[in-house]
Amino acid sequence: MLPLAMSLGAAGLVALPLDARQHEEFLLTAAQSLFGVGLLLRLRLSLIGAAALAALFSVQVVIALVFRDDPARTIASLTILAWVYLGLSVPLYVTGMPGFLRACGALRRAAGDRKLARAATAGTGTIDSSGG
């Protein structure tokens, strides 16, 4: 959304003016989001998933504290951590997507069934099963 707002304000396509660290933070945020969505594909967050998310976030904080005086190592570490998030996301999507798609299909069928039931009772309030 931010690049779109920048482009609209500049009346043309422009890139976000990010330095190297901000670029890696942006990548890391996107990777964390992808990982978080992958954890929620089964429509529940397991204790293991929550612990993995907390541990990876803790590693990010430790990296920021340990390498705060060395920007090059900070950037390299954040890049590696982003790739770890992306690598851990792949099996989550491979194993979780079929169940997510089934749940979406069931939700769509249930919504369709409710529409049919409302259409059948529209105007009468009930369905007359006696045929008359």
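The values are calculated or read from the model by the stated rules, or taken from the named source; none is laboratory data. Since the model is a prediction, treat every value here as computed from it, not as a measurement. Methodologically, a virtual Cβ is constructed for each residue, glycine included, from the backbone with ideal geometry; neighbour enumeration extends over all protein chains shown.
Quick one: what pairs do we get from the stretch 106-121, first residue within 27 Å of Leu43 (Cα to Cα), second of a type in the set (Asp, Glu), C-beta under 9 Å, 6+ apart or different chains?
none
Each row is one residue, and each column tells you yes or no for (1) part of a helix (DSSP H, G or I); (2) out of contact with any Leu (no Cβ under 6 Å at 6 or more places or on another chain); (3) without any contact (Cβ under 8 Å) to a residue 24 or more places away in the chain; (4) closer than 18 Å to Leu92 by Cβ.
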{"position": "Leu8", "(1), (2), (3), (4)": "yes, yes, yes, no"}
{"position": "Val14", "(1), (2), (3), (4)": "no, yes, yes, no"}
{"position": "Pro17", "(1), (2), (3), (4)": "no, yes, yes, no"}
{"position": "Leu28", "(1), (2), (3), (4)": "yes, no, no, yes"}
{"position": "Ala31", "(1), (2), (3), (4)": "yes, no, no, yes"}
{"position": "Leu43", "(1), (2), (3), (4)": "no, yes, no, yes"}
{"position": "Val62", "(1), (2), (3), (4)": "yes, yes, yes, no"}
{"position": "Ala76", "(1), (2), (3), (4)": "yes, yes, yes, no"}
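Test each condition in (1) within 30 Å of Cys104 (Cα to Cα); (2) surrounded by 16 or more Cβ atoms within 10 Å (Cβ to Cβ); (3) at pLDDT below 90 for Phe35 and report the one that comes out false.
Just one mismatch for Phe35, condition (3).
Looking at Arg42, Arg114, Arg109 in this structure, which one is basic (Lys, Arg), out of contact with any strand residue (DSSP E or B) (no Cβ under 7 Å at 6 or more places or on another chain) and surrounded by 15 or more Cβ atoms within 10 Å (Cβ to Cβ)? So that I can check it myself, show each step before the final result.
On the way: Arg114 fails: surrounded by 15 or more Cβ atoms within 10 Å (Cβ to Cβ); Arg109 fails: surrounded by 15 or more Cβ atoms within 10 Å (Cβ to Cβ).
Unique residue meeting the criteria: Arg42.
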